[in-house]
1. Wrap a convex hull around the Cα atoms of the range 286-367, take a quarter of its surface area, and give that in square nanometres.
2. Subtract the Cα-Cα distance of residue 321 and residue 79 from 0.36 nm times their separation in residues, and report this length gain in nm to one decimal.
3. How would you classify the range 260-312 from its alpha-carbon gyration tensor, with a ≥ b ≥ c the square roots of the eigenvalues: rounded for a/c under 1.5, else prolate if a/b is greater than b/c, otherwise oblate?
4. Report, as a whole number in µm² per second, the diffusion coefficient that Stokes-Einstein gives for the range 1-87 at 25 °C and 0.890 mPa s using the Kirkwood radius over alpha carbon pairs.
5. Any chance you could get the radius of gyration and Dmax over the Cα atoms of the range 62-285, in Å?
6. Using the reciprocal of the averaged 1/r over all distinct C-alpha pairs, how large is the Kirkwood radius of the chain in Å?
7. Pulled fully out, how much extra length does the chain show between residue 378 and residue 159, if you take 0.36 nm times their separation in residues and subtract their Cα-Cα distance?
8. If you take the Cα atoms of the range 1-156, find Rg, then find the Kirkwood Rh from the mean of 1/r over all pairs, what is Rg/Rh?
Ligand code: PLP
């Protein structure tokens, strides 16, 4: 048989999904596993969102939708950006896709050609390097470790720019670190992007999951010049606990949005039609959504503080208190094991599932998701402490 494509041969499967699948298989086999690997909220989708989807399904919204998404949803997304961020997008600048992941892929496919370089801050979300490679471009990985709060400086960006650089990816709040850039930090990075005429993909999927009074910043709001080169990606998965619905959003200058919609028209066609009506309810039934999101946020914040405090009690581990998303990224380098070995042993010996830092381009760390129950976190962190005590 002939070999598969270079794309198929070069793609690395998602390590986060793999660790999570292994943990779930162990649980299914009756093992008592504490899972810190999931990248999804442990809550159900709020009831009013499910009801709106059911109503749409019953009323026959079961056919193809317009490629960029149903108009009322695109209008609601544009209105939401206008109300929150003062960003004035027309519905023609909005594209709804089957998941924020696909929105990212479309954005990269719309701006990157073979030979282009993409500046990718590490620790990075696992899918970015693979998407960049699928576009034929090259990821230029720049590491920001815990000494700078996992946030890249403008000087690091400047040093990574070459004549081939086409795009920079920014993800604040970050998966895997939970880091949130300040406005000043983001402005400094945007100044470098503008100076070198780069496109910017700002993945803001965790924009509503922010703690300690930190402020989310959208680079597209900085200036007309910034808006003219920024593609802002977000979605419904994390904020509204809708991971299985597969609904992502993208807003961009009209020519980019048009290109993105054209690629979508030849690949996925559109996001699931009746699911889009559920998303519409998330944005329009504001009071109900607000109450549901606040309840989830209160739980996340409680767990974040608890996990952070307990982790830092473990000799040998140090962990920053992240201000966003639902992840902590503790430093385990003192134990002298690779992060992959650490995670493998942790799962074998203590049945605790966590994702190794090297999956995110940062050796010496673990990603712990606290989107799991308080009891699970308590039990998991006790086991982690026992594991570390044994290693010493
Ligand atoms: N971007 C980041 C940084 C993520 O962590 C995720 C999900 O894990 C996504 C995008 C995509 O989420 P979805 O495809 O569920 O909308």
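1. Computing the convex hull of the Cα atoms and averaging its projections yields 6.4 nm².
2. Stretched out fully, the residue 321 to residue 79 stretch lengthens by 83.8 nm.
3. Oblate is the answer for the range 260-312, as a/c is 1.5 or above yet b/c matches or exceeds a/b.
4. Estimated via Stokes-Einstein, D reaches 135 µm²/s.
5. 16.4, 51
6. 21.6
7. Answer, rounded to one decimal: 74.6 nm.
8. 1.02
Readers should treat all values here as calculations from the given coordinates under stated rules, not as data from a laboratory. Bear in mind the structure is a predicted one, so any value in this text is a computation, not a measurement. Positions of Cβ are backbone-derived with ideal geometry, glycine not excepted, and every protein chain shown enters the neighbour counts.
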